[in-house]
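Visitor: Can you read through this structure? Questions will come right after.
The values are calculated or read from the model by the stated rules, or taken from the named source; none is laboratory data. Keep in mind the model is a prediction, meaning the values are calculated, not measured. For neighbour counting, all protein chains shown are included, and Cβ atoms are generated from backbone atoms with ideal geometry for every residue, glycine included. Accessible surface areas use protein heavy atoms only, side chains included; no ligands, DNA or RNA. Shrake-Rupley method; radii C 1.70, N 1.55, O 1.52, S 1.80 Å.
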Amino acid sequence: MIRVLAGCLVLFFSFNLIAYAAESAKTTRYYVFRNKDKAEAFSHQQQTSTQQANLTTQKKPVQHFFVLLKGYTQWSTAFKQAQLLEKQGISGIEVVKGRFERGYSILVAQFTDKKKAGQLFNKLRSRGLKNVRVFSDKASVYQYIVTVHSIDKTRTRTRTKSKPVIMAKKTELKSARQQPSTGISKSIPETDSKAIAGNIEQNSDQEEEIIIVMSDDNDFNSSYEINLDNDEQEISETVWGASFNLEEDLFSRDTQDVDHSEYANASAYLEHSLNSNWDLKISARLDGYHQSGKNRSNYNDTDLDYGDTYLRYRDDSYRITLGAQTIRWGKVDNLGPLDNMATLDLSRGVMLKWGENYRSSPALRVEHFMEQGKLDLVYLADFREAELADKKDVWYPIDFRNGRMLGFKNNPAMAPLIQNARIDDDFSGDGGWGMRFSSTLDSYDIGLTVQQVRLSTPYYKINEGIRQQILTSQVVNPANYKYTFSEQHPRSWVVGGDAAFQWKSVTWRMEAGWFSDLPVTTTTLKYETYDGFKWAGSAEFYPGDADTRVNLQLSGQHIDEKDKILDLDNVVVLSGEIESLFNNSRWKASGKFSIGVNNKEFILSPEIAYLGAEPFELYTAYHYLDGAEQTIGGFYKYNNVLTFGIRGKY
């Protein structure tokens, strides 16, 4: 009997031992990584004679809601506001650049819970931040799973009887003191861990063990873009804002017939969300000019103008805007060759900052958002030429006092004609159309564009009757003609592309385009149009610490002239912009410059501003210009000016 019992026990334990070994051989362990390189290295490491490892990638779209503060033209303004929010207890803030738009925004937080995003929205709005917005977008979150089939019996197994829960590490946004993102974030938003784990195929015949391999946030692999265009319009309300600028300008060269000038600007806007799909925006600006000096240089002028004023429809895939709008295309920040949809503001010459020298244009715009990118269609219903200074103003492109014209060498024989010139600036018609497709390939933002547009900058064509009299050496009497020069805005075909990427902590941007029908004047004073090529490239970086931003740009224009021309046929310019905050961000030193590479030119505009009197900003600046006669610096070299001003925004 004892032998029978002993035999049964031996059989029982042997059976269980065999079953245990069989189950151990089938044990499967899942190692979840957030970094592809580490996952690949670990998978290779686990390949042994006793176990097998396989690497799979999971991509899961997750709806996210981003709370942002929008509309900062200058990086330093956005940076300072982000610092104030951090001091108020809101941590994890990031200054970002929109993928489809210029300027800066502040990414305050991101949520998978729409209700929490709305709560933060109301909190910021109660603090007087009228530019807060909630945006929605899908994040494609990557998880790298190493599946290891092992026969190791010594490892302690965790039996999984239900779906495992992966506790994903909560990530923090970059500090506001870091450089702004360019649209592709390196950190994964909070994800639904259960949903990710549930995607791992289960086999009821296997024992499974889920092992989370935690990583630093900087090691996370993700692919999501903050699309600053997809606005969540659930809150139907009215938002308004206003700004002003008062400035005194003192001209420093005795050869200039202007002693001083004053400038005042006030602007306001009102936005109303009619419902979840319709928006209305109305904005206007008032500019006042006063100039004092000798001869005919004294004048006063007041100009009331519209800003962005439109009706907009939006849904998940489309945004349709009808009305006056400022449309910026291309990548570089200053006078990009593909940035032809907006109207240039030349009323203040070189005194305006980068990004502030544009006005709104009447247009119909249709934007289609796709998984592959964005398609942008624009029709400029009514052509609007560049906003020029008054004819008596020192920043007008024709110097009537000395008989000079911007872009041409001084010609004593032509000086009397220019001094008494009458300009025909009556121009009407549509402004043309454009189409642009933009997308992201890996870490590159790219765009392709086709345009047929009228360039807003005027070109002056001499009256043909006057030209013939000059060629035949006859005495010209301008009084016999209705006008001496007429503004020209020829239709030009533009075909080009742009790209942006980050490398070595530097944001690189570039764009280039072929142009047809660029206006020129031959040596016989004949008006012609030739083909040409324009290009630009820039590098934006943050030396030392994030309190300083530098943006360098190299640009060029080349005209394929068939005859000798009076214009510059090849122009290459190195320009730049710098901003630096100091003394706890209460002071800002900034400036811009322009240096001619193949033509003598030098423009320098340093500025110092006190920011400690919110919402006011006190500043002083100096603008120095010099160069060859045909360059901007050479033409305005008598306009060196010292400025004092105050500006504010509400």
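Visitor: Of all the residues that make up the stretch 426-452, how many are in contact (Cβ under 8 Å) with a residue 60 or more places away in the chain, within 15 Å of Gly330 (Cα to Cα) and open to solvent by less than 60 Å² (accessible area, probe 1.4 Å)?
Guide: 9
Yes or no, residue by residue, for (1) farther than 24 Å from Ala242 by Cα; (2) in contact (Cβ under 8 Å) with a residue 12 or more places away in the chain; (3) surrounded by 18 or more Cβ atoms within 10 Å (Cβ to Cβ):
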position: Asp257; (1), (2), (3): yes, yes, no
position: Ser267; (1), (2), (3): no, yes, no
position: Ser276; (1), (2), (3): yes, yes, no
position: Lys281; (1), (2), (3): no, yes, yes
position: Lys294; (1), (2), (3): yes, yes, no
position: Leu311; (1), (2), (3): no, yes, no
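Visitor: Additional query: Restricting to the stretch 499-526, name every residue that is surrounded by 18 or more Cβ atoms within 10 Å (Cβ to Cβ) and of a type in the set (Ser, Thr, Tyr).
Guide: Thr507, Thr521
Visitor: Here's a follow-up. Hey, among Gln488, Gln474, which residue is out of contact with any Lys or Arg (no Cβ under 9 Å at 6 or more places or on another chain) and open to solvent by 20 Å² or more (accessible area, probe 1.4 Å)?
Guide: Gln474
Visitor: Something else about it: Inside the stretch 331-386, can you point out the residues that are small (Gly, Ala, Ser) and in a loop (DSSP other than H, G, I, E, B)?
Guide: Gly336, Ala342, Ser347, Gly355, Ser360, Ala381, Ala386
Visitor: For a quick check of your reading of the model, give me the residue pairs whose first member lies in the stretch 546-573 and is in contact (Cβ under 8 Å) with a residue 24 or more places away in the chain, whose second is basic (Lys, Arg) and not in a strand (DSSP E or B), with beta-carbon atoms closer than 7 Å and at least 6 apart or on different chains.
Guide: Ala546/Arg177
Visitor: Can you name the residue in the stretch 283-326 that is in contact with a strand residue (DSSP E or B) (Cβ under 6 Å, 6 or more places away or on another chain) and outside any strand (DSSP E or B) and, of all such residues, is farthest from Met351 (Cα to Cα)?
Guide: Residue satisfying both the conditions and the ranking: Ser317.
Visitor: Moving to a separate point now. For the stretch 528-569, how many residues meet the condition of being open to solvent by less than 60 Å² (accessible area, probe 1.4 Å) and either among the acidic types (Asp, Glu) or more than 30 Å from Glu464 (Cβ to Cβ) (or both)?
Guide: Of the residues in that region, 21 qualify.
Visitor: Any chance you could count how many residues in the stretch 424-459 are part of a strand (DSSP E or B), out of contact with any Ser or Thr (no Cβ under 7 Å at 6 or more places or on another chain) and either more than 30 Å from Met370 (Cβ to Cβ) or small (Gly, Ala, Ser) (or both)?
Guide: Number satisfying all stated conditions: 4.
Visitor: Quick check on my filter: what residues within the stretch 593-620 are open to solvent by less than 60 Å² (accessible area, probe 1.4 Å), of a type outside the set (Phe, Trp, Tyr) and touching a residue at least 24 places away in the same chain (Cβ under 8 Å)?
Guide: Once the filter is applied, which keeps residues that are open to solvent by less than 60 Å² (accessible area, probe 1.4 Å), of a type outside the set (Phe, Trp, Tyr) and touching a residue at least 24 places away in the same chain (Cβ under 8 Å), the stretch 593-620 yields Ser594, Gly596, Asn599, Glu601, Ile603, Ser605, Leu611, Gly612, Pro615, Glu617, Thr620.
Visitor: Within the stretch 348-406, can you find the residues that are within 22 Å of the chain's Cα centre (by Cα), open to solvent by 20 Å² or more (accessible area, probe 1.4 Å) and among the charged types (D, E, K, R)?
Guide: Across the stretch 348-406, the qualifying residues are Lys353, Glu356, Arg365, Glu371.
Visitor: Something else about it: Look at Val572 and say whether it is modelled with pLDDT of 95 or more and crowded, with 18+ Cβ neighbours inside 10 Å.
Guide: no
Visitor: Still on this structure: Considering (1) without any contact (Cβ under 8 Å) to a residue 12 or more places away in the chain; (2) closer than 30 Å to Ser105 by Cα, say which one Ser76 fails and leave the rest.
Guide: Unmet for Ser76, out of (1) without any contact (Cβ under 8 Å) to a residue 12 or more places away in the chain; (2) closer than 30 Å to Ser105 by Cα: (1).
Visitor: Within the stretch 106-120, is even one residue at pLDDT below 75 and exposed (fewer than 15 other Cβ atoms within 10 Å of the Cβ)?
Guide: Checking the stretch 106-120: not a single residue is at pLDDT below 75 and exposed (fewer than 15 other Cβ atoms within 10 Å of the Cβ).
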